[in-house]
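Visitor: This is the structure I have questions about; it appears just below.
Laboratory data are not the source of any read-out in this text; all were calculated from the coordinates shown. Given the structure is predicted, the values throughout are model-derived calculations rather than measurements. Neighbour counts run over all protein chains shown; Cβ positions are idealised from the backbone, glycine included.
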Amino acid sequence: EPEVTQTPSHQVTQMGQEVILRCVPISNHLYFYWYRQILGQKVEFLVSFYNNEISEKSEIFDDQFSVERPDGSNFTLKIRSTKLEDSAMYFCASSELLQNTEAFFGQGTRLTVV
Amino acid sequence: AQTVTQSQPEMSVQEAETVTLSCTYDTSESDYYLFWYKQPPSRQMILVIRQEAYKQQNATENRFSVNFQKAAKSFSLKISDSQLGDAAMYFCAYQQAGTALIFGKGTTLSVSS
């Protein structure tokens, strides 16, 4: 069964450092997303990506964040100059269509900023 | 802005019993979609069931069913014949046409034998 794959599963970084979270969406999917879940809190939308550009982003997704699809398979989230409050679980998801279709989620990357 | 509210932070049920998780949402749109996602301890988000707002019939997936009340903006999840494997965090989510999912804060369901 096709699945969304995220690496690494856990990343520890020092405050102020840059991190790149990686995702391999399902191959025939066209829409890609990043969500964030701070421990014990709700899942929050960060950004959606379609046709090699951002289609929607939330208020959380400020200049500190960027996304990229560097090749035909990977989808990355870069966080520049990480802060303690960036510590969270980051989920990548992909879907065939934008709406009324199952968004398949990866297993998440736990980011810990120390 | 659309919001999703899950008023039950925690629920518990015994094996084989039925439990209902509540969800309400706020929107002025008429065309939208609603979902329930399950997040087990592994933290992966798994789709349980979805409902199109234009459909009056409540969605059903095996032991999982919803009670969709459009006028009341209510979307509850009923789990019948609960199993130990149903223990997880359950998130209600709303999606307006053309936008990303908006999640509620979640309900932690525990199942006892």
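Visitor: Could you run the Karplus curve 6.51 cos²θ - 1.76 cosθ + 1.60 with θ = phi - 60° over region A:22-27 and give me ³J(HN,Hα) per residue in whole Hz, x for Gly and Pro?
Guide: So the Karplus estimates, Gly and Pro as x, are 10, 9, 10, x, 5, 4 Hz.
Visitor: Something else: Given H placed on each backbone N at 1.01 Å, which residues far from A:E56 in sequence or on other chains put an amide H within less than 5 Å of it?
Guide: Sorted by chain and number, the residues that satisfy this are A:S48.
Visitor: Provide the FRET efficiency to the nearest 0.05 for the A:L97-B:S80 pair, computing r from the beta carbons and using R0 = 35 Å.
Guide: 0.70
Visitor: Another question about this same structure. So, counting K/R as plus one and D/E as minus one, what does the shell of residues with Cβ under 15 Å around A:S9 add up to?
Guide: On the way: positive: A:R22, A:R110, B:R43; negative: A:E3.
Around A:S9, the charge tally is +2.
Visitor: Another one. Taking a point 7 angstrom from the Cα of B:S7 along the C-beta vector, which residues in region B:27-53 have backbone N less than 17 Å away?
Guide: Backbone N within reach: B:27.
Visitor: Report the residue, chosen from B:A88, B:A16, B:A100, that carries the largest GNM mean-square fluctuation when chain B is represented by alpha-carbon nodes joined by springs under 10 Å.
Guide: Largest GNM mean-square fluctuation: B:A100.
Visitor: Next question, about the same structure. Within 10 Å of each candidate Cβ there may be at most 16 other Cβ atoms; applying that plus a DSSP loop requirement, which chymotrypsin sites (Phe, Trp or Tyr not before Pro) in region A:1-83 survive?
Guide: The qualifying sites: there are none.
Visitor: Within region B:57-95, name every residue whose backbone N is under 13 Å away from a label modeled 7 Å from Cα of B:Q14 along the Cβ vector.
Guide: Residues B:82 qualify, since their backbone N sits under 13 Å from the label point.
Visitor: On to the next question. Could you give the alpha-carbon Rg of region A:65-114 over 2.2 N^0.38 Å, rounded to two decimals?
Guide: Rounded to two decimals, the normalised Rg is 1.34.
Visitor: Within 10 Å, at most 16 other Cβ atoms, and a DSSP state outside H, G, I, E, B define an exposed site. Report the longest part of chain A free of exposed GluC sites (Glu not before Pro).
Guide: My reading of the result: A:19-58 is the longest stretch.
Visitor: Given Cβ point charges of +1 (Lys, Arg) and -1 (Asp, Glu) and nothing else, what value in debye, to the nearest 20, does the dipole of chain A about its Cα centre take? Walk me through the numbers on the way to the answer.
Guide: Working: 9 positive and 15 negative charges, 64 e Å.
That gives chain A a dipole magnitude of about 300 debye.
Visitor: Starting at the first residue of region B:91-100, write each ³J(HN,Hα) from the Karplus equation 6.51 cos²θ - 1.76 cosθ + 1.60 with θ = phi - 60°, in whole Hz, x for Gly and Pro.
Guide: 10, 8, 9, 10, 9, 7, 3, x, 10, 7
Visitor: About the Cα centre of the protein assembly as shown, how large is the charge dipole given +1 on each Lys and Arg Cβ and -1 on each Asp and Glu Cβ? Please answer in debye to the nearest 20.
Guide: About 240 debye.
Visitor: Another question, then. With the calculation restricted to Cα positions, what are the radius of gyration and Dmax of the protein assembly as shown in angstrom?
Guide: Considering the protein assembly as shown through its Cα atoms, Rg and Dmax are 17.6, 51 Å.
Visitor: About its Cα centre, what dipole magnitude does chain B give when the only charges are +1 on Lys and Arg Cβ and -1 on Asp and Glu Cβ, stated in debye to the nearest 20?
Guide: The dipole of chain B has a size of about 140 debye.
Visitor: Taking all pairs of distinct Cα atoms, average 1/r, flip it, and tell me the Kirkwood hydrodynamic radius of chain A in Å to one decimal place.
Guide: 14.0
Visitor: Determine the equivalent ellipsoid of chain B by diagonalising the alpha-carbon gyration tensor, then write out the semi-axes as square roots of 5 times the eigenvalues, largest first, rounded to whole Å.
Guide: 24, 14, 12
Visitor: Count the net charge of all other residues whose Cβ sits under 15 Å from the Cβ of A:T82, scoring Lys and Arg as +1 and Asp and Glu as -1.
Guide: Surrounding charge for A:T82 is 0.
Visitor: Please give the net charge around B:I49, taking every other residue with its beta carbon less than 15 angstrom from that of B:I49, where Lys and Arg add +1 and Asp and Glu add -1.
Guide: Charge balance in the 15 Å sphere: +1.
Visitor: Given the options A:Q17, A:Q41, A:Q64, state which has the largest fluctuation in a GNM of chain A using a 10 Å cut-off (strictly under) for Cα springs.
Guide: A:Q41
Visitor: Using the charge dipole of region A:64-114 (Lys, Arg: +1 at Cβ; Asp, Glu: -1 at Cβ; taken about the Cα centre), state which of A:N74, A:F91, A:V113 has its Cα farthest towards the positive end.
Guide: Farthest towards the positive end: A:V113.
Visitor: In addition: Explain nothing, just compute: Karplus ³J(HN,Hα) = 6.51 cos²θ - 1.76 cosθ + 1.60, θ = phi - 60°, for every residue of region B:2-7 in order, whole Hz, x for Gly and Pro.
Guide: 6, 9, 10, 10, 10, 7
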